[in-house]
Amino acid sequence: MPHPEFLPIQWKSTHLELLDQRILPGKKEFLKLTTAEETISAIREMAVRGAPAIAITGVFGLTLGAKLQSGAANPKEIETLLSSVLESRPTAVNLSFAIREAKKLVQGVSDWKEITKIWETYGLKMMEEDLAANKALGANGVSLFSKDQSEFHIITHCNTGALATAGHGTALGVIRSLRDAGKKVVVYADETRPFLQGSRLTAFEMMEEGIECYIITDGMSGWLMNHRKIDAVLVGCDRVAANGDTANKIGTYNLGIVAKEHGVPFYVCATKDSFDLNLKTGVEIPIEMRKESEVTQFDFLKSENGNYLFPEGKTSPVGARALNPSFDVTKAHLIKNFITEFGCFTPEEISLRLKSV
Ligand code: MRU
């Protein structure tokens, strides 16, 4: 668990506090949000990020939206609020599931006060359930690693830890659980260009926990697999299609190919809300395109007085163009197993295993 000072999402009844992940690890500041609009913009601008954390925040965003209303709610107003939160980020399916559930919960309820209470309770329940799911997922993940081996070297991508969830984490949750099971774990954290979730957030979480961690740039994993024994790649996910194709942070697909080439097991850590069985394959997963400047300069790391934390911010010629797909899809055949709170299974077993949860 992160130190309480670093709990990323804190519901305070009157408002929502979010640890601003854009300026970590340089600064620890909380945003105090009182409206749905502020919450939507915090999600869009990635002050909070990670599929489960986005969904939980979205529900608290709804709660804040409802809280500012009074009297009778008409269905059109409710629908507008639900869709504005839903549209904040498109790839992670967790948010769509949460919004669908939030809508269902207030079917037939027409008092804003009552709606506020229902959504607040739902947000708090999501936090509890996510933490429990992460812990169960972590324990299931441990079972895939040899009992007879005392040290494991693991590559991970992006940030899937306590900062991306309600606590513990998914891929980082397995790493925490391995450590708790008495194993020595050495983590190689992909830097994760362009937003640097790996170097800024994963390395930060691992250091807080005292877990040995080396940052590598996204192109170094092939070298690493050639030069050191890597036991596994562990990644999180934003949406899994019915055939097992998996959307996760851009760069995950490359890592999957390199792992396959080197015979390193590639595990995707997912809670049940990551599986979108409505989509047959990964081709149907919507991929968020973000602004070019995240690639050409570090302007998202601006300090509060407007100065760049990096000199000038720019790392490319003025006027250079860039592409910035925020996610890619790793093909199912590259994935050895999904690690979930309800067990570990192959891509072929998804439909069967999801039926029973
Ligand atoms: O753009 P982000 O930082 O929200 O992307 C996060 C990821 O891709 C994570 O790997 C994924 O959401 C799983 S978090 C448990």
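Values quoted throughout were computed directly from the atomic coordinates according to the rules given, and no laboratory measurement underlies them. Everything quoted here is computed from the prediction, not taken from an experiment. Neighbour counts are summed over all protein chains in view; Cβ atoms, including those assigned to glycine, are modelled from backbone coordinates with ideal geometry.
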Kindly give Rg over Rh for region 1-159, based on alpha-carbon atoms, with the Kirkwood expression for the hydrodynamic radius. 1.04
Work out the charge dipole of region 119-207 with +1 on the Cβ of Lys and Arg and -1 on the Cβ of Asp and Glu about the Cα centre, then indicate which of M127, L196, L178 is farthest towards its positive end. L178
Considering only DSSP beta bridges where both residues belong to the chain, give the percentage that are antiparallel (nearest 5). 50
If Rh is defined by the Kirkwood formula over all Cα pairs and Rg also comes from Cα, what ratio Rg/Rh do you get for region 80-138? 1.02
Need the list of lysines near K260 for cross-linking: C-alpha distance under 30 angstrom, and skip anything on the same chain fewer than eight residues off. K135, K147, K183, K184, K229, K249, K272, K280, K331, K336, K355
In degrees between 0 and 90, to the nearest 10, how far off the longest principal axis of the chain does helix 93-105 point, with axes built from Cα atoms? 30
Just add up the charged neighbours of E191: K/R +1, D/E -1, any other residue whose Cβ is under 13 Å from the Cβ of E191. +1
Which angle between 0 and 90 degrees, to the nearest 10, do you get for helix 171-180 versus the longest principal axis of the chain when only C-alpha atoms count? 60
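Note down the net charge around R49, summing +1 for each Lys or Arg and -1 for each Asp or Glu among other residues with Cβ under 14 Å from its Cβ. Let's see the in-between values first.
Numbers: positive: R22, R44, R89, R200, K249, R290; negative: D20, E45, E205, D238, E288, E294.
Local charge sum for R49: 0.
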Convex hull volume per residue for the chain, taking Cα atoms only, in Å³: 139
By how many degrees, 0 to 90 and rounded to 10, does the Cα axis of helix 112-142 deviate from the longest principal axis of the chain? 10
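If packing is taken as the average count of other Cβ atoms within 10 Å, what order do 130-142, 112-124, 274-286 fall into, highest mean first?
Values: 130-142: 21.7, 112-124: 18.2, 274-286: 16.5.
Top of the packing list down: 130-142, 112-124, 274-286.
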